[in-house]
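Here's the structure, in structure tokens; my notes come after.
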Amino acid sequence: MNTKELAWAAGLFEGEGSIFERKSERGNVGASVTVVMTDEDSVRRFHTAVGVGKVYGPYPGRGNCKQTWRWSAHTFQDVQYVVCLLWYGLGERRRATAALVLLAARASGTGVWTFPSSLRGGKHSEDCNHCAAVRKALRGKKHPEDCNHCVRSSLRGRKHPEDCNHCVAVRKVNRAATR
């Protein structure tokens, strides 16, 4: 993973991207992220940098406007992953929006805290610092019982370190939530 490309992607997303809730006909809340631009190469470079989602287009411009290209990701896992990747490059407002959108999707039952299926198999570390930052931002919220990190760690048959950053953060969140 190229950190310079991720920094570039975070800047592009901060300026041209959006993260939002989408509601299904059944009333379920999901999460989506998009980047829409007239530069196809920039949209494709963003897609390469984050490694998930799809590029769509071209879409014809209205009136004298140029045609546009759109990158988007709509699964909870992909949205969560993109937010984790770009977290350190996002501004406070964008971080707050991302946290609220992910929590809303999670609360509606459409999201499970996990890694995107396209990145399983060792490409994304369970001790990922980006994911730890997202978890830190969500302090005070109830820790999900189906947390993939905790479930996987207990199933490995290895002794899980007591000072694991993720688990330490979870214990703090749980203590704060019970006060």
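Filter the range 15-45 for residues that are more than 22 Å from Lys4 (Cα to Cα) and basic (Lys, Arg); which is farthest from the chain's Cα centre (by Cα)?
So the residue we want is Arg26.
If Val50 meets every condition in (1) among the aliphatic types (A, V, I, L, M); (2) modelled with pLDDT of 95 or more; (3) within 16 Å of the chain's Cα centre (by Cα) apart from one, which number is that one?
Of (1) among the aliphatic types (A, V, I, L, M); (2) modelled with pLDDT of 95 or more; (3) within 16 Å of the chain's Cα centre (by Cα), only one is false for Val50: (2).
Any idea how many residues of the range 28-44 are of a type in the set (A, V, I, L, M) and either out of contact with any strand residue (DSSP E or B) (no Cβ under 9 Å at 6 or more places or on another chain) or loosely packed, with under 15 Cβ neighbours inside 10 Å (or both)?
Of the residues in that region, 0 qualify.
How do the pairs read when you match residues in the range 61-73 that are more than 14 Å from Ser18 (Cα to Cα) with residues anywhere that are in a strand (DSSP E or B) and polar (S, T, N, Q), using Cβ under 7 Å and keeping only pairs 6 or more apart or on different chains?
Gly61/Thr68
The values are calculated or read from the model by the stated rules, or taken from the named source; none is laboratory data. Worth saying up front: this structure is predicted, and the values here are computed from it rather than measured. Glycine also receives a Cβ, built like all others from the backbone with ideal geometry; neighbour counts cover every protein chain displayed.
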